[in-house]
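A quick write-up on the structure given underneath.
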Amino acid sequence: MRNILTAVLLLSSHVFGGEWVVTKGGLSPDKKLAVAVFPQKTEFIDEADDSVLLIDQTTGRRIGPLEEVSSSGGTWGSTTTNVHCVWSPDSTILIVNFRTGRLMHSSQIYRIRDRRAIPLSLPAATTHPKGKLLEGLQSTANPGSEITLTKDGRILRRAWGYVPDWNLDYSKHGLSGFEGELLFDYRFDLRGQLQLHDITVPAAP
């Protein structure tokens, strides 16, 4: 009987696992967790299941949905290409970048603890002196952002779609060359809380 139950469990894990695919960058460095999405069954993305899942790779079973993110792309793209992830080397920080429109993107950061993804909020730009310059700025029709993680643990958020106030000289405030894109540098303090360390203009490619 035990062998039969084991076989049933293994079979069900395989079947469940076949429903989804791991996203780009979705496998954690320790190979214990993964982020996955459901492939579209038709060409119409608005008919697809847009859930983004956290998967236990050791069992092949879903832990639960990451409710703050979606693979729908705002009805653009495809569920399997609209989401990509970045993990910290120790698999404790997960960044999910996801499409929200034709040219719009957003991000969510999670702290992984006991196989659970705890959403983290980024500090407001106004917590940094340069952030006050951004108050009241308009945005284009396609704003967005993408988050990366550096080798030394900094979280960098590149944000675009700002419409600068051309009456201000941003160079006087350390934002020389600001024409619509900014780079937000976040770092964890000794208590493990995210702090906004600096706001700069991304280097030219």
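With respect to being modelled with pLDDT under 90 and assigned to a loop (DSSP other than H, G, I, E, B), Pro205 fits the description. In region 183-199, the residue that is nearest to Glu135 (Cα to Cα) out of those that are among the aliphatic types (A, V, I, L, M) and surrounded by 13 or more Cβ atoms within 10 Å (Cβ to Cβ) is Ile199.
Within region 26-54, the residues that satisfy the criterion of being among the basic types (Lys, Arg) and either on the phi < 0 side of the Ramachandran plot or not assigned by TED's automatic domain parsing to the domain that holds Ile112 (or both) are Lys32, Lys41.
Considering only region 65-121, give the strands (runs of 3 or more DSSP E) lying wholly within it that have at least 1 residues that are surrounded by fewer than 15 Cβ atoms within 10 Å (Cβ to Cβ) and out of contact with any Pro (no Cβ under 7 Å at 6 or more places or on another chain). Explain how you work it out, then say what you get.
Values: elements: 83-87, 93-99, 105-113, 116-120.
Hits in region 65-121: 105-113, 116-120.
Looking only at region 164-184, decide whether some residue is of a type in the set (Ser, Thr, Tyr) and part of a strand (DSSP E or B). Can you show your working first?
Step one: list which residues in region 164-184 are of a type in the set (Ser, Thr, Tyr), which gives 170-171, 176.
When the remaining residues are screened for being part of a strand (DSSP E or B), the result is none.
Within region 164-184, none of the residues are of a type in the set (Ser, Thr, Tyr) and part of a strand (DSSP E or B).
The residues of region 38-49 that are surrounded by fewer than 20 Cβ atoms within 10 Å (Cβ to Cβ) and either more than 18 Å from Gly25 (Cβ to Cβ) or hydroxyl-bearing (Ser, Thr, Tyr) (or both), listed by number, are Gln40, Lys41, Thr42, Glu43, Phe44, Ile45, Asp46, Glu47, Asp49.
With at pLDDT below 95 and crowded, with 18+ Cβ neighbours inside 10 Å as the only criterion, which of Pro129, Pro143 stands out? Give the steps one after another, and end with the answer.
On the way: Pro129 fails: crowded, with 18+ Cβ neighbours inside 10 Å.
Every option except Pro143 fails the conditions.
So which of Leu94, Leu54, Leu156 is touching an Asp or Glu at 6+ places or on another chain (Cβ under 8 Å) and aliphatic (A, V, I, L, M)? Testing whether each residue is touching an Asp or Glu at 6+ places or on another chain (Cβ under 8 Å) and aliphatic (A, V, I, L, M) leaves just Leu156. Taken over region 76-117, residues that are under 18 Å from Lys151 (Cβ atoms) and either touching a helix residue (DSSP H, G or I) at 6+ places or on another chain (Cβ under 9 Å) or acidic (Asp, Glu) (or both) amount to 1.
Taking the stated definitions as given, is Arg158 outside the structural domain of Phe184 (by TED's automatic domain parsing), within 14 Å of the chain's Cα centre (by Cα) and either surrounded by 14 or more Cβ atoms within 10 Å (Cβ to Cβ) or not acidic (Asp, Glu) (or both)? Quick ask: steps written out before the conclusion?
Values: outside the structural domain of Phe184 (by TED's automatic domain parsing): no; within 14 Å of the chain's Cα centre (by Cα): yes; either surrounded by 14 or more Cβ atoms within 10 Å (Cβ to Cβ) or not acidic (Asp, Glu) (or both): yes.
For Arg158, the condition - outside the structural domain of Phe184 (by TED's automatic domain parsing), within 14 Å of the chain's Cα centre (by Cα) and either surrounded by 14 or more Cβ atoms within 10 Å (Cβ to Cβ) or not acidic (Asp, Glu) (or both) - is not met.
Sort out which residues of region 168-182 are loosely packed, with under 15 Cβ neighbours inside 10 Å and either more than 19 Å from Pro129 (Cβ to Cβ) or among the aliphatic types (A, V, I, L, M) (or both), and write them in order of number.
To start, the set of residues in region 168-182 that are loosely packed, with under 15 Cβ neighbours inside 10 Å comprises 168-169, 171-174, 176-177, 179, 181.
Within region 168-182, Leu168, Glu179, Glu181 qualify.
Based on this model, can you work out whether Arg158 counts as touching a Ser or Thr at 6+ places or on another chain (Cβ under 9 Å) and not polar (S, T, N, Q)? Yes: the conditions hold for Arg158.
The values are calculated or read from the model by the stated rules, or taken from the named source; none is laboratory data. None of these values were measured; they are calculated from a predicted model. Glycine also receives a Cβ, built like all others from the backbone with ideal geometry; neighbour counts cover every protein chain displayed.
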